[in-house]
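Below is one structure, written out as structure tokens; the observations come after it.
The values are calculated or read from the model by the stated rules, or taken from the named source; none is laboratory data. Please read all numbers here as calculations on a predicted model, not as lab measurements. Virtual Cβ from ideal backbone geometry, glycine too; neighbours counted across all protein chains shown. When the accessible area is computed, the model is the full protein with side chains, heavy atoms only, and any ligands, DNA or RNA have been set aside. Shrake-Rupley method; radii C 1.70, N 1.55, O 1.52, S 1.80 Å.
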Amino acid sequence: MEKIDLDFILNGERTTRSGVHANMMLVDFLREELGLTGTKFCCGIAVCRVCTVSVARVPGAHQIAIRACTTPLSDINGKVVTTVEGLDDDGELHSLQQAFLDNFAFQCGYCCPGFLMASYALLDQLKRSPVPRERVDDMVEEAVGQHICRCTGYVRYHRAIRQVILETPGLVT
Amino acid sequence: MHPPSSWQAGPGKARYRIDGRTKVTGGKIYARDFRAWDIDGWPAEEEVVLVLRTPFADREFKGVDVSALPEELRPKRIITGEDLEREKIAVAEADYPEGNYLVRPHTVPDYLGQAVALLYFDDFHTMDRARRVLRSQHNRGLDAGPEQPTVADGFYQPETSIIHAETETEQIFSQVRGGPVRPQELQTERDREAMKQVDEIHERLNNPSAFGWTVVNRSFETQTIDPMFMEPESGLGWLDRSSGTLNLLIGTQSPSYDVTAAGELFSDPQSKLGIKHVHLISAYPGGGFGGRDTSALCLFLALAAAFSEKPIRIAYDRFEQFQAGVKRHAGTMNMAVAVDGGGNLQAVRHHIFLNGGGRRNVSTYVAQVAGLDGVGAYEVPLADVWSRPVKTRAQIAGSMRGFGTVQSLFAVESMMDETAVELGLDPIEFRLRNVLAPNQEIVTGARNAPPGLKEMCEHASAHRLWQERDRRKQESAGTERAHGVGFALGMKNYGTGADAALDEVAIDPDGKITVTTNVIDMGTGTATTLAIATAGLLGANADEVRTGVLEPFKALQMVEGFKRQEDNPRWTPIIFESTKAASTSSKWVHGVEQACAVLLSTGLLPAARELWGNSVNVAATDTRWVDGALHADGLRAIPLKDVARQAHDKGHVVSAMIHAFYSGRWVEADYTVGDETFRWQIDGLSVLRGGKTERELVDRKNPKLFTVESIWEGNGQNFGASACLASVAVNRRTGEVTLQEAVHYIGPGKVLQQDLMEGQLDGCFAMGVGQALTEDIPTFEDGGGNGRWNLHRYHVPLSGDVALGRVEKVILPPESDDAPARGIAEVGMVAVAPAIANAVAHATGVRFRSLPITPAKVREAWSG
């Protein structure tokens, strides 16, 4: 089984590991090797999207939401990965986290990190390419419409994400 | 960026969930997140265990076959049923899989998905790779014999019969007049009397013209459903051989039952494993919906730990969760409805068959509830409801949100529409002619009907969607999509009719309040609700809520049993209860409020009186909390922390631990603490005084208790009302049903926290959509038991499926100032699927009597 020397940026810090299996999935590496259990495991086949993390090719590049359960380590080598543990700033919550709290967006909360990270990538996209206000709902649906939540019926997740988009300057034309 | 903020928004209010910050920052909170090295006092090194399961139950299991695994993926050791037999593993209590926990080699498995072996690995990655290889094998790592005939189905006992007969002036036969009956067994005089009533009902249904009745006979089916909570079950176990303590960490709805069941595994006197205690650490479950109530995971953690020198970890993946997890019962409902010329229901025969799979689990209770809700929200003079849990080789079915009512109400509410069509009546008008009034007798004969049923029907009848239903249907003729609107009315019990709560409220010298409880929070917001429940009497929210806790409550020394022990002040019918039946709001909140009452009256108030001056004798009713300080007319306000400090310094009560029991009313009794006697609605009390480490038991006096008979006669079920009006579009080419708009009705009574309550409703709605349209899994060999099911084949509704933003909530106001807080997390679900089915029938002109209504079924119906 192929082994690689892993070298990537995780939540703002360079992370290296020698001789890891190239096809180990990112979610397993985060949870089992690094103890970063904020990224959740649910279906393991890239359907439910609870394991979503955000990846950029290089620092400052576009954030892309990917499924950590089907992303092998070889695919993230050299890249920039942000997980839910990297969202807050020394305890100060990201506006998405705060909006999720204020809207009672989640219940059991297991799918929450996936919704957060997909929305995080969406905010980055809108920052680079703002959309008209009337397209916001479609953008939210496009970003998290395939995420499964069993508790909430999605109502408050969408409300919270929309609220952050509308309240963050520069995301809507 | 936002600075850290408190979840609290003032006394009795929550800005966000008490568990919210941990969840939104990815903190360790779920069982799946913990490793042995995270737990204080546990050895750091763990083994990872794979529970191998059978995809067949129609041939001999000859043994485990891991020959497909390369050497580096081979398990270190394998534990089989023979090992369990050798170690004298006993049978755990009846709600759990009863024995044969690992199928013995050279026997035929009892059911699909049954465990056959425990495979031990040094690390997660090796186990994970091994399970993928084994899953790819035809027999999933099992050596199997030739196919052989399967065992015939049977029935789990007891079955539920609810026989009701009344005239216009009197009740002739009912459940509350003498308790449950089993007419088919004919063992008692009452059974024979019940059978006589059954015969008479059938006689009339078979000769409707003699009575001027119209009789409609139909059969309905509902599918097997997976609870599909998002966190696949996981947990840790460690047998500390030095103390004989079996430690478990698990996310469960039934911590008390799990501990009991795990302990019972090792109760054989010949067991050499030396397990004396079971200690359970309760993690927040990543969803539950019933699926974690008396789940067998605790047994496998216990068994795996017992056969290891190290802590062990089990972490199902989603394929395993589909294979191992309990399901919602597939249902077959045969129903006959008789109506007189005035559109009044006269008789109902409803025979319900619920597929419980290979183990009883809680099937008999599910059948009981299916029967209880077997004639819906209507007045029916003659009823024969017979609800039967069926024993088959299917996967185990058990508790799930809706708990039997989902199945029976789909039949009832479909029948109401079908019958209305037969009679040429508007379906809502037909319901209005028969709907129960508040406190009217339901099918059991108890005066339990909830308020709001009529109002929901009337509101829906006047709603734009209903008013325009025929016009919109006509307008859609010839277009790509046929439009239809359907309505369904729901009535469902919350609580079980015999409910118990354990709560402790403690205050530290700084005024910090901690609630400790055996209930858990599977996402419903229980912890938050209990945290704000202290504010009414203590003027402040709890700062901490510890859920799923058991051991401290041993201090109450309660003993249980349904047979009344008149002179034993520790006796109660039930000590523990699972977190289920949407009872948090009504039951555990009561417990917390009662504990607060004890703490106020025997701790804080005496302390405040001292601070005010000993001559002052202020009653609790003369005080009020304002801005965190205790006020009384003419006296200075004292901050809570000063009162708490005084209580601690002067040896007043600083912790009140209670047990409460409910069956239509709470047990209440007198309690003397110090030289004062109080009457509280609790049946067990222990207090702790400031400066002490030993708790004091306070014996109850003059209790108002129950007997078995009074529980039956009182029929202490509570019921709630819900309804749904659904508008659908059915694609004429693809057969796809799309939800267009909906109105969702609920009568919650007193609302404890608006956001949490509305969130529950949203979740109920989505789950109802799944029940109606998207979720389906075969019940037998092609289903979850074969280990090949995951979310690529099982379709949980997405945001695009639930008419997001187009579901209007109609929340009925409390009917009175003292209206109870009703459980809504199940009540709110049950009307959704039948409303959608009725809408599809309206749109297509075809009645679909089998859920889910898939595009293939619609296409087939239209082409036929």
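Couple of notes before you dig in:
- Per principal axis, descending, Cα span of segment A:3-83 in whole Å: 28, 28, 19
- Surface analysis of the protein assembly as shown yields an accessible area of 35 Å² per residue, using protein heavy atoms and a 1.4 Å probe.
- Spatially proximal aspartates and glutamates relative to B:Lys327 (Cα-Cα < 15 Å; intrachain offsets below 8 disregarded): B:Asp95, B:Asp226, B:Glu233, B:Asp293, B:Glu775, B:Asp776, B:Glu781, B:Asp782
- Size descriptor, Kirkwood hydrodynamic radius, that averages inverse alpha-carbon separations across the protein assembly as shown, Å: 30.1
- With R₀ fixed at 35 Å, the C-beta to C-beta distance from B:Gln754 to A:Thr168 puts the FRET efficiency at about 0.85.
- Point-to-point label distance, B:Glu551-B:Lys276, nm (Cα→Cβ direction, 7 Å offset): 1.3
- Normalising the Debye intensity of segment B:324-430 to I(0), with uniform scatterers on Cα atoms only, and taking log10 at q = 0.12 Å⁻¹ returns -0.42.
- Segment B:504-530-segment B:814-839 distance, computed between alpha-carbon centres (Å): 27
- Local electrostatic count at B:Arg17 - Lys and Arg +1, Asp and Glu -1, tallied over other residues with Cβ under 10 Å: 0
- Whole-angstrom gap from segment A:62-121 to segment B:27-67, using each part's C-alpha centre: 28
- Share antiparallel - DSSP beta bridges, the protein assembly as shown, percent rounded to 5: 80
- Theoretical gain in end-to-end length, B:Thr479 to B:Thr22 [0.36 nm per residue, Cα-Cα removed]: 159.5 nm
- Cβ-Cβ FRET estimate between B:His202 and B:Leu697, R0 fixed at 56 Å, reported to 0.05: 0.50
- Here the average projected area of the convex hull drawn through the C-alpha atoms of segment A:95-167 stands at 4.3 nm².
- For segment A:34-173, the share of DSSP beta bridges that are antiparallel, to the nearest 5, is 90%.
- Pairwise Cα distances in segment B:45-136 exceed 24 Å for 23 percent of all pairs.
- Calculated over segment B:446-549: convex hull of Cα atoms, volume per residue (Å³): 201
- Within the shell of other residues whose beta carbon sits under 13 angstrom from the beta carbon of A:Asn11, the net charge comes to -3, with Lys and Arg scored +1 and Asp and Glu -1.
- D_trans [Stokes-Einstein, Kirkwood Rh over alpha-carbon pairs] for chain A, 25 °C, 0.890 mPa s, µm² s⁻¹: 150
- Label point at B:Arg806 placed 7 Å out along Cα→Cβ; residues across segment B:701-728 whose backbone nitrogen lies under 15 Å: B:725-728
- Over 28 Å apart at the Cα level, from the set B:Lys13/B:Lys512; B:Lys28/B:Lys276; B:Lys492/B:Lys587, are B:Lys28/B:Lys276.
- Applying 0.36 nm per residue to the separation of B:Glu170 and B:Glu815 and subtracting their alpha-carbon distance, the gain on full extension is 229.4 nm.
- Percent antiparallel among DSSP beta bridges (both partners in segment B:223-296, rounded to 5): 50
- Members of segment A:14-54 that become less accessible by 50 Å² or more once partner protein chains are added (1.4 angstrom probe, chain alone as reference): A:Arg31, A:Glu32, A:Thr37, A:Phe41, A:Cys42, A:Ile45
- Extension gain, B:Leu186 to B:Glu422, is 81.3 nm, computed as 0.36 nm per intervening residue step minus the present C-alpha separation.
- Rotationally averaged projected area of chain B (alpha carbon convex hull; nm²): 39.6
- 10 Å binning of all Cα-Cα separations within segment B:155-305, expressed as whole percents from 0 upward: 9, 23, 18, 17, 18, 11, 3, 0
- Selection of trypsin sites (Lys or Arg not before Pro), segment B:193-248, meeting DSSP coil and at most 13 other Cβ within 10 Å: B:Arg241
- Residues of type aspartates and glutamates that B:Lys62 reaches as a straight line, Cα spacing below 13 Å, ignoring anything fewer than 8 places off in the same chain: B:Glu82, B:Asp143, B:Glu147
- With R₀ fixed at 22 Å, the C-beta to C-beta distance from B:Ser136 to B:Glu71 puts the FRET efficiency at about 0.80.
- Positive contributions from Lys and Arg (+1) and negative ones from Asp and Glu (-1), summed over other residues with Cβ under 13 Å from the Cβ of B:Ala411, come out at -1.
- Using a probe of 1.4 Å on the protein chains alone, the accessible area found for A:His62 is around 110 Å².
- Reach of B:Lys692 by Cα under 12 Å, taken over aspartates and glutamates that are not fewer than 8 positions away in the same chain: B:Asp649
- Centre-to-centre, using Cα atoms only, segment B:82-110 and segment B:285-360 are separated by 20 Å.
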